[in-house]
Amino acid sequence: MIAELTFEGDPRGTYTLRNISGKIPYRAAAEHVIRTPGTVFVLTGFYIPEAGTIETDGLTGSWTLFSVLTALGKEVYIPFDAHSDVALRALFPENRLIPFPVSPIETAATRAREILDRYRPGSVIAVERPGPNHDGRCITARGIDITESVAPMDQLFSPASLTIGIGDGGNELGMGCLAAHHETLLRNQPVCYVPADFTLLGATSDFAAYGLAAALAAISRNRVFPDPETIVSRLDMLQRLGIVDGMTCVATASIDGFSRETIARKATQFHTLVDRIIRAGEAVDDCIRDTESQYDIVTMSVLPRCHPDTLDIILDGTVLLKTQCRHLVDAVRQRGLTVQTPPTILSDPECTHPAIGWILVPTAPIDLLDHPGGHCTTQISEQDTWVRILWQSGPWLLVQTPDLALGWTRSLPGFTTETTPVQPGPNPSHHPNPSPHPMPSHPPWASIRRPPLNALSVHTISLAGLQASADTLLGSPYRWGGRMPDGLDCSAFIQRVFASQDLLLPRNSRDQRACGIRVPFDNHGPGDVVFAVGRIKTVHHVALCLPGDTVQHACLATGRVLRETMDAFLEKYRMIGIRRFARIA
């Protein structure tokens, strides 16, 4: 999103450079700067020989970076040469300036080693700083050789440092990734052959520097991006000092043809973006803490960003449940923000997100727990084939079965736990496929029939088939969370008999009650399902209606699957509804 803002209003077609360099990694560059120890060097000042001074582009961007980095606790220094002296002394504190001579390369190399040894920069950021081409010459966009007029600061691009090149034309220091294209897409325009670890581009270098500063502030959750009026006041000061616009070579309060008003609007956009991302990030942090306290583990990985046109919030990443998504969206809205795109819900059956992957389960049953180290809440049964792995935390895997139930397990046959825990996040393509089987080209559950909510299934179910399936389970032991004939609970019993007719009901009785249509008691018949709660405890229960006004259910009290009359059933349970899932024949 930052990259889109930096290229907005680009009059020179600089955006084509983005197609050469690929995705512009503002966030990654900012993260590396924050993590890298040591001082930071900011190199700037592009000499315009026609005017005898440097241009405005690069200066307000460097000052913005200096302000943000200093506020974040970084020690920042500005190496400068003679032509940049006036402007940089006006912009930066005296004790942060490091003179660098315009001299023969041998002398400059010696001076560079002295500077590097003394200040030991962890990061070196070049903002609109001329860089040498393959002949070692610095050439302006107009084809003028300025090598003898500028200090060779490429000598400060130490291999030991994190290097970032910020530019808008290709001839700036750090633009080496563009060098291979200077005869084709760059049409033989001058290009610097010195590469950088990160190359950041924009319609002007200042816009790109604003983008990096915004990323630094947003990632650190610190509202340190300067006030837009302060940035523009620096541009006014540069005009008074005679610093020129690089396009016109005239001392005006503009940058590469962009007016003062445009600069103010651009700075305001970045200032607003930082504030909105921080507010959205605070909401995400609050929701992550809530899920951690509720589940003893974090099941949310969301990165907020802003839409480039509206600055509305886009929540990149994943949450586990629809309730988490609603909670997160509400939390963002409560901070006065508009959510344009919510996160992906991993447990949603319509979700095509690969999460960590699919795996073909060769053996069953496998107990799935309500939380790591908790109690069995369901099982992977012999009727399941492909299951989804949604999350990994240490040795624990969060698994979703075809009935959309969730549970934790320490192991799955065919799955090898990675040394480093893997969690799905905003960039899920980086996550390995844990299954030894190839990832399916389409979701393996696509052909599974699930009942619609508050509507009958489109196909007809055989009552004889339902009763035959129920007969095979009569007398089976009751087991909380069980889904196998040698131990199953009430909702699993209902699920199994309907699965025999190719209709897969949800795992939980509360979710089963949301399916099908409501049937009045006077109109109920065989194949309908009774929902009830205990007379003493409010434990949800479910039973299958069979001919002769009988019901069959897995009974916790008796510890087995039994069949009894409806009257006997209602003596023990308080009925709360009857549902019909499909046409019964």
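Here are a few things to note about the model shown:
- Here is how the number arises for the chain: DSSP H runs of 4 or more residues each give -39500 (n - 2.57), the sum is divided by the residue count, and the result at 222 nm is -9000 deg cm²/dmol.
- Once the Cα-Cα distance is subtracted from the 0.36 nm per residue extended length, the THR230 to ARG118 segment shows a gain of 37.1 nm.
- Each other residue within a Cβ distance under 13 Å of ALA499 adds +1 if Lys or Arg and -1 if Asp or Glu, for a net charge of +1.
- Burial ranking of peptide ranges 119-127, 202-210, 312-320, 368-376 (average Cβ count within 10 Å, highest at the top): 202-210, 119-127, 312-320, 368-376
- Nearest 10 degrees, 0 to 90: helix 463-473 Cα axis against the chain principal axis: 90
- Structure-derived Rg/Rh (Cα atoms, Kirkwood Rh) - corresponding label in [x] 1.43; [y] 1.17; [z] 1.14: [y]
- Extending 7 Å from the Cα toward the beta-carbon at both THR460 and THR70 defines two label points whose distance is 8.2 nm.
- Its Cα centre serving as origin, the chain has a Cβ charge dipole (Lys and Arg +1, Asp and Glu -1) of approximately 1820 debye.
- Spin-label pair LYS572/ALA364, simplified geometry with 7 Å Cα→Cβ offset, distance in nm: 2.7
- Peptide packing: for 453-462, 479-488, 512-521, the average count of neighbouring Cβ atoms within 10 Å per residue gives the ranking 479-488, 512-521, 453-462, highest mean first.
- Efficiency of FRET from Cβ geometry, GLU282 and ILE98, R₀ 30 Å, rounded to 0.05: 0.20
- Taking the stretch 236-348 and dividing mean pair separation by its residue count, relative contact order in percent (alpha carbons under 8 Å, at least six apart): 19
- Fully extended contour minus Cα-Cα distance, from THR147 to GLN467, at 0.36 nm per residue: 106.1 nm
- Amide H contacts of ILE48 (H built 1.01 Å from N, in plane; Pro and chain starts excluded): THR53, ILE54, GLU55 sit under 5 Å, all sequence-distant by 5 or more or on other chains.
- Here LYS266 is the anchor, and the aspartates and glutamates within straight C-alpha reach of less than 13 Å, apart from those fewer than 8 places off in the same chain, are GLU4, GLU8, ASP10, ASP206, ASP227, GLU229, ASP309.
- Computed label-point distance, nm, for sites ASP135 and ASP330 using a 7 Å Cα→Cβ extension: 6.8
- Counting only protein heavy atoms and a 1.4 Å probe, the chain has 42 square angstrom of accessible area per residue.
- Surface composition of the stretch 135-282: carbon and sulfur atoms hold 49% of the protein heavy-atom accessible area at a 1.4 Å probe.
- Rounded to the nearest 10 degrees, the angle from helix 228-240 to the longest Cα principal axis of the chain is 20 degrees.
- Cβ-Cβ distance of ALA585 and LEU556, R₀ of 41 Å, FRET efficiency by 1/(1 + (r/R0)^6): the value works out to about 0.80.
- Near the amide H of VAL124, within less than 5 Å, lie the amide hydrogens of PHE41, LEU162, THR163, ILE164, all on another chain or at least 5 residues away, with H placed in the peptide plane.
- Linear extension gain, GLN189 paired with SER293, 0.36 nm per residue minus alpha-carbon span: 31.7 nm
- Over the stretch 223-335 - Rg/Rh using Cα atoms and the Kirkwood inverse-distance radius: 1.22
- Rounded to 0.05, the FRET efficiency of the LEU241 and GLU261 pair, given R0 = 22 Å and the Cβ-Cβ distance, is 0.60.
- Rounded to the nearest 10 degrees, the angle from helix 205-219 to the longest Cα principal axis of the chain is 40 degrees.
- Karplus-derived 3J(HN,Hα), 6.51/-1.76/1.60, for each residue of the stretch 543-555, Hz, glycine and proline x: 9, 9, 7, 10, x, x, 6, 10, 9, 10, 7, 8, 9
- Working from Cα pairs under 8 Å separated by at least six residues, relative contact order for the chain is 10 percent.
The values are calculated or read from the model by the stated rules, or taken from the named source; none is laboratory data. Bear in mind that the values here come from a model prediction, so they are computed numbers and not experimental data. In this analysis, Cβ positions are derived from the backbone assuming ideal geometry, glycine residues included, and neighbour counts consider all displayed protein chains. The protein model used for the area step is the full one, side chains on, heavy atoms only, and it has no ligands, DNA or RNA in it. Shrake-Rupley method; radii C 1.70, N 1.55, O 1.52, S 1.80 Å.
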